[in-house]
1. Kindly indicate whether Ser74 is crowded, with 19+ Cβ neighbours inside 10 Å, among the small types (Gly, Ala, Ser) and out of contact with any Gly (no Cβ under 8 Å at 6 or more places or on another chain).
2. Name the pairs: first residue in segment 238-254 and closer than 15 Å to Val319 by Cβ, second residue of a type in the set (Phe, Trp, Tyr) and assigned to a strand (DSSP E or B), Cβ to Cβ under 9 Å, at least 6 apart or on different chains?
3. Hey, any hits in segment 31-47 for a residue that's farther than 20 Å from Ala140 by Cα, out of contact with any helix residue (DSSP H, G or I) (no Cβ under 6 Å at 6 or more places or on another chain), in contact (Cβ under 8 Å) with a residue 24 or more places away in the chain and outside any helix (DSSP H, G or I)?
4. Filter segment 231-275 down to the residues that are surrounded by fewer than 14 Cβ atoms within 10 Å (Cβ to Cβ) and closer than 12 Å to Arg301 by Cα and list them by number.
5. Might you let me know whether segment 83-91 holds any residue that is closer than 22 Å to Thr62 by Cβ, assigned by TED's automatic domain parsing to the domain that holds Val43 and touching a Ser or Thr at 6+ places or on another chain (Cβ under 6 Å)?
6. Can you pull out the residues in segment 308-325 that are among the acidic types (Asp, Glu), touching a residue at least 40 places away in the same chain (Cβ under 8 Å) and in a helix (DSSP H, G or I)?
7. Here is a check on your reading of the model: is Gly120 on the phi > 0 side of the Ramachandran plot and not basic (Lys, Arg)?
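The values are calculated or read from the model by the stated rules, or taken from the named source; none is laboratory data. Just so it is clear, the structure is predicted and the values come from calculations on it, not from any experiment. Every residue, glycine as well, gets a Cβ built from its backbone with ideal geometry; the counts of neighbours run over all protein chains shown.
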Amino acid sequence: MQTVLASEIFQIMIVVVPLCIIILMFASHSWIEPFLYLAVIGVSILLNMGSNIVFPSISFITHAMAAVLQLAISMDYSLFICHRYTEERSNGLEPLPAVLAAAKKSVKSISASSTTTIAGFLALIFMHYSIGADIGLVLAKGILISYLTVLILMPLLLYSCRNLIEKSKHRQFLPSFKKFGHSVVKLRYLIIALVLIVAIPSFLAQRNNTYLYGDTSGSSGAGEYAQQRQRIDDLFGTTNPVMLLVPNTDLNGEIALCAALKASPLIKNVTALVTVADPAIPREFLPQAVRDNFLSQDYSRIIVNLTAKEESPESYGAVEFIESA
């Protein structure tokens, strides 16, 4: 799955980067500006990926998605400085004073934007699901690195490429939004009312969302990982393992529980110490390696393989049966 995910993220980047260049071409004032933006964000992404060494480990999911999210979230920081530089040049300033003024006037808006984003990612640390902290720390660090890189590297690139920027200027492709802005102001009360009307049912509707957490929950069934998993299931049958921990003080209770589980059509097989060794044999006589696989100081481990796939009504029914057994 790790290899498949990395391959798919690479394919996404192949599509996203050219699209970003095309969109930025329309939004910029010079043909060279989009490449400056991508250079700065590229350096930021590399620094963030390299600095992940400060963590003991990170999830491969975090590693795969961090670059795309960092690109999407922090790209606008470079735009702030570059557009401010263009305005200062239009006001008659020379390149160096214009770069200095652009950096000075943009730092507040960039700082506010990055700070709120970092705070949002740091909030993920408090999730009980541990990947939240993993994603939150990596992306918060990435936004901080993007913030510092933009403030340091972008002004240097603007000044170093000032002649290229001037020579590659093009007309503004995007239309003026002044009329649109005036219309929004005139209709502000109506728009606020519409937002409130839409927000209330949207809030109520989101409470009815269905959330999936299993290995197959994020797959459309058309990817390579899903196809490989289907071939395995066709060859060996569906296996959905569930682990139970029960107190190891009631041997007869374990035997009865395993027998009840085996009798269910929802369960493929049950593996426990009472199923791999005769319960009549005192546990002290069993090899230590066997006991270590199933016994701890206070609990016995029982591995139950369900016949249903993850995130299915049948698997939920099997879990309910196990809880009632």
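1. no
2. Hits for this filter: Leu245/Tyr299.
3. Yes, that holds for at least one residue.
4. Matches in segment 231-275: Met243, Leu245, Pro247.
5. Start the filter on segment 83-91 by keeping residues that are closer than 22 Å to Thr62 by Cβ, which leaves none.
Looking through segment 83-91, none of the residues is closer than 22 Å to Thr62 by Cβ, assigned by TED's automatic domain parsing to the domain that holds Val43 and touching a Ser or Thr at 6+ places or on another chain (Cβ under 6 Å).
6. Residues of segment 308-325 among the acidic types (Asp, Glu): 310-311, 314, 320, 323.
Those still in the list that are touching a residue at least 40 places away in the same chain (Cβ under 8 Å) too: 310-311, 314.
Matches in segment 308-325: Glu314 only.
7. no
Residues are listed down the side, and each one gets a yes or a no for (1) hydrophobic (A, V, I, L, M, F, W, C); (2) within 26 Å of Cys20 (Cα to Cα); (3) out of contact with any Phe, Trp or Tyr (no Cβ under 9 Å at 6 or more places or on another chain):
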residue: Phe35; (1), (2), (3): yes, yes, yes
residue: Ala39; (1), (2), (3): yes, yes, yes
residue: Leu71; (1), (2), (3): yes, yes, yes
residue: Met75; (1), (2), (3): yes, yes, no
residue: Arg84; (1), (2), (3): no, yes, yes
residue: Glu87; (1), (2), (3): no, yes, yes
residue: Ala103; (1), (2), (3): yes, yes, no
residue: Ser106; (1), (2), (3): no, yes, no
